[in-house]
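Novice: Below is a structure I'd like to ask you about.
Derivation of every value follows stated rules applied to the coordinates shown; laboratory data play no part. Everything quoted here is computed from the prediction, not taken from an experiment. Don't worry about glycine lacking a Cβ; one is built from the backbone with ideal geometry, like all the others, and counts go over all protein chains shown.
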Amino acid sequence: MPELTDIPQHALARLAGLRSQGHPDGVFTSDFSVNEFLLVRKAGFEPVGLCVGSCIYHVGFQMAGWGSSVELDVLSTAMYEARALAMERMRAEAQQMGADGIVGVRLTVKRLEWDSKVLEFVAIGTGIVHAKGHQGFKGPNGQPFTSALSGQDFWTLLQAGYRPLEMVMGSCVYHVARRGPFASLGSIGRNVELTNFSIALYEARELAMERMQLEATKASAEGVVGADLHEGSHGWSTHVIEFFAIGTAVVPIEGGSHPDQIPDPKLVLSVNS
């Protein structure tokens with residue numbers, strides 16, 4: 001886990017002014033909507049403050065043959081490690097503010113204009129603490145849990161007898177082979193599957209999802225909720241693409257609700273336009 005020396009002094013000063021048990025005159029900060037704020041409170045938690053982690057990373061270079069469909073493992077490793085650094089710095093801020101976990105985590109990637117090989121990775125979410133000091137909501141190794149769940153989903157998950165453990169992810173950067181001129185000519189005007197493209201993209205997605213699932217297994221989770229699969233080229237060549245899988249690993253709460261005790265859903269009609 002990153003040391004506190006990785007956190008800028010201005011960030012430490014901000015964290016010191018947040019509301020906590022030892023500092024009741026401070027203020028909390030969050031990116032919650034009003035509904036999220038109220039439901040997190042209803043679940044027995046208090047927001048403490050925004051947790052932020054940033055990493056600016058120079059992504060290396062890797063060649064692939066013109067006709068080869070193959071993973072670019074150097075780029076896969078770089079994209080994963082940069083995100084992990086941002087998330088660990090976010091978690092370090094949560095630990096510094098005494099939070100039990102982070103909800104509503106957003107993980108973004110932005111290419112910086114001054115260098116096409118330089119990307120900024122930012123992780124941001126709201127640190128929360130159990131209002132009664134319950135110690136059973138920490139993540140692995142007693143660190144704050146991380147979760148991409150909204151405040152509403154967080155409340156619903158707890159009502160169902162589960163709790164978030166940590167965000168899990170998997171990345172795969174893949175070079176998709178180009179089609180030869182004869183193959184391209186053979187499909188002009190025809191309805192035909194481009195099997196080399198189908199197989200390459202299928203394989204890349206599966207690698208990303210498999211790695212996310214493996215992280216959940218290592219964390220001793222029961223499953224993953226809210227899984228999402230992103231894709232992007234990040235300014236690379238036209239035949240290089242990244243698939244990034246991310247979700248929230250969950251485990252049952254000890255002594256939590258039985259499935260028969262989960263309230264039935266209610267129909268709500270919105271009056272908003």
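Novice: Relative contact order (percent) for the chain, with alpha-carbon contacts under 8 angstrom and 6 or more residues of separation?
Specialist: Reported relative contact order: 19 percent.
Novice: Note down the nm distance, to one decimal, between modelled labels 7 Å out along Cα→Cβ at Glu113 and at Leu269.
Specialist: 5.0 nm
Novice: Where does the chain land at 222 nm, in deg cm²/dmol rounded to the nearest 500, when only DSSP H runs of n ≥ 4 count, each adding -39500 (n - 2.57), divided by all residues?
Specialist: -9500 deg cm²/dmol
Novice: Hey, another quick one. Give me the net charge of Ala43's neighbourhood, meaning all other residues with Cβ under 12 Å from the Cβ of Ala43; Lys, Arg count +1, Asp, Glu -1.
Specialist: Working: positive: Arg41, Lys42, Lys132, Arg163; negative: Glu36, Glu46, Asp100, Asp153.
Net of charged neighbours comes to 0.
Novice: For the chain, which span is the longest to avoid every loop-located (per DSSP) member of GluC sites (Glu not before Pro) having at most 16 other Cβ atoms inside 10 Å?
Specialist: In the chain, the maximal stretch lacking such sites is 4-112.
Novice: Expected output is a single nm value to one decimal: the length gained when fully extending between Val74 and Thr195, i.e. 0.36 nm times separation in residues minus the C-alpha distance. What is it?
Specialist: Full extension of this stretch gives 41.0 nm more.
Novice: For the stretch 104-151, what number results from the quotient of the Cα radius of gyration and 2.2 N^0.38 Å?
Specialist: 1.64
Novice: Expressed in whole Å with the largest first, what are the equivalent ellipsoid semi-axes of the stretch 54-115 derived from the C-alpha gyration tensor as the square root of 5 times each eigenvalue?
Specialist: Working from the Cα gyration tensor, I get semi-axes of 31, 13, 9 Å.
Novice: What's the Kirkwood radius of the chain in Å, using all Cα pairs?
Specialist: Computed over the chain, the radius equals 20.7 Å.
Novice: Here's something else I'd like to know. Which aspartates and glutamates, if any, have their Cα less than 14 Å from the Cα of Lys132, not counting same-chain residues under 8 positions apart?
Specialist: Within reach: Glu46, Asp100.
Novice: Kirkwood Rh and Cα-based Rg: tell me the resulting Rg over Rh for the stretch 152-251, rounded to two decimals.
Specialist: Numbers: Rg = 18.4 Å, Rh = 15.7 Å.
Rg divided by Rh gives 1.17.
Novice: Where does the longest stretch of the chain lie that holds no trypsin sites (Lys or Arg not before Pro) found in a DSSP loop with 12 or fewer other Cβ atoms within 10 Å?
Specialist: 1-131
Novice: Can I ask one more? Per residue of the stretch 57-63, what does 6.51 cos²θ - 1.76 cosθ + 1.60 with θ = phi - 60° give for ³J(HN,Hα)? Whole Hz please, x for Gly and Pro, Karplus curve as stated.
Specialist: After applying 6.51 cos²θ - 1.76 cosθ + 1.60, I find 10, 8, 8, x, 10, 8, 8 Hz.
Novice: A further question follows. Show which lysines lie in cross-link reach of Lys218 when reach means a straight Cα distance below 21 angstrom and same-chain residues fewer than eight apart are skipped.
Specialist: By straight Cα distance, Lys218 reaches Lys138.
Novice: So who's got an amide H within less than 5 Å of the one on Phe28, skipping anything under 5 residues away but keeping other chains? H placed 1.01 Å off N, in plane.
Specialist: Arg19
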